[in-house]
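Structure first, then comments.
The values are calculated or read from the model by the stated rules, or taken from the named source; none is laboratory data. Since the model is a prediction, treat every value here as computed from it, not as a measurement. No Cβ is skipped: glycine too gets one built from the backbone with ideal geometry, and neighbour counts run over all protein chains shown.
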Ligand code: NDP
């Protein structure tokens, strides 16, 4: 029998992360998910995963606070060691994140620092600190955005950090190849979640605009994304490495 695989998904409590963990569980993968502020939502997702027959646990983590990562990794490791005999995971999905909508000319240093901490530094160091606990042959998936390829006014501070994560991912693929660990980027287009105050979902003008610039003619839904991430964690996807996979219905072609 294959050994049980485990995925660690940051921001797995809502939106895209929630859809990812559900799709991973449907593939028979156990889940460690994180939330930042909303424990209740995270516990609902844990119950959903358990109802699918997989094991799940939620931990609090602010991915913008690198100083907390050692404690977090230790906490996860202790839990997994107790449950499975090993602190290791197989898949790390760096998904957590927050939005920033501000014109370039008005973007403040504090806003850029927040984007840097959450979207780049957090991904860099969580991956670095998790690395000793990722099994050889594992996978890393970093969540970027269509906004790293095309430019929408007001997304300079955010989009540029996603661009940085895409470059980082190619370096991870190169350096971790000797351990058989593949690293890829999934870059969603605009998706209807709570992200950015739920703009894409709740603001009809924004939603119509996104639909208008998308070849398939609508804004994305969480369910358009989670299955792709889950696929990247399958044996069939083993030869995909160092790639940016945009999942946007063909935005801004
Ligand atoms: P949501 O706002 O729906 O969910 C965000 C999730 O991340 C929640 O679980 C939240 O936890 C967690 N989170 C937020 N801030 C932090 C933090 N500082 N530290 C740790 N966890 C945090 O967003 P989406 O699901 O839409 O976005 C997920 C990812 O997808 C992000 O990286 C985003 O940039 C990217 N993306 C989103 C697109 C979209 O249109 N929705 C498009 C392209 C990319 P809690 O609820 O506890 O705060």
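Among the residues making up the stretch 103-113, those that are surrounded by fewer than 17 Cβ atoms within 10 Å (Cβ to Cβ) and in contact (Cβ under 8 Å) with a residue 40 or more places away in the chain are 103, 104, 111.
Please count how many residues of the stretch 7-24 are more than 12 Å from the ligand (Cβ to nearest atom) and buried (at least 24 other Cβ atoms within 10 Å of the Cβ).
Total meeting the criteria: 3.
Cβ separations smaller than 8 Å between residues 6+ apart or across chains give the following pairs from the stretch 167-178 residues that are farther than 18 Å from residue 120 by Cα to residues that are at pLDDT 95 or above and assigned to a helix (DSSP H, G or I): 176/131. Taking the stretch 179-220 as the range and being crowded, with 19+ Cβ neighbours inside 10 Å, within 13 Å of the ligand (Cβ to nearest atom) and part of a loop (DSSP other than H, G, I, E, B) as the test, the residues that pass are 189, 190, 192, 193, 219. Contact map, the stretch 129-158: residues that are over 22 Å from residue 181 (Cα atoms) and without any contact (Cβ under 8 Å) to a residue 60 or more places away in the chain paired with residues that are within 11 Å of the ligand (Cβ to nearest atom) and part of a loop (DSSP other than H, G, I, E, B), Cβ distance under 7 Å, separation 6+ or inter-chain. Pairs shown: 147/155; 157/100; 158/99; 158/100. Filtering the stretch 22-52 to residues that are in contact (Cβ under 8 Å) with a residue 60 or more places away in the chain and under 21 Å from residue 64 (Cβ atoms) leaves 34, 36. With the requirement that a residue be away from the ligand (no atom under 13 Å from the Cβ) and surrounded by fewer than 20 Cβ atoms within 10 Å (Cβ to Cβ), what does the stretch 29-57 give you? Passing the criteria: 47, 48, 50, 51, 52, 53, 55, 57.
Filtering the stretch 144-171 to residues that are within 11 Å of the ligand (Cβ to nearest atom) and in contact with a helix residue (DSSP H, G or I) (Cβ under 7 Å, 6 or more places away or on another chain) leaves 144, 145, 147, 148, 155, 158, 159, 161, 162, 165. For the condition at pLDDT 95 or above and away from the ligand (no atom under 13 Å from the Cβ), residue 244 does not qualify. Just to be sure before I move on: is residue 4 in a loop (DSSP other than H, G, I, E, B) and either on the phi > 0 side of the Ramachandran plot or surrounded by fewer than 24 Cβ atoms within 10 Å (Cβ to Cβ) (or both) in the structure I sent? When the stated conditions are applied, residue 4 passes them. Taken together, the residues in the stretch 82-115 that are in a loop (DSSP other than H, G, I, E, B), within 16 Å of the ligand (Cβ to nearest atom) and farther than 13 Å from residue 155 by Cα amount to 3.
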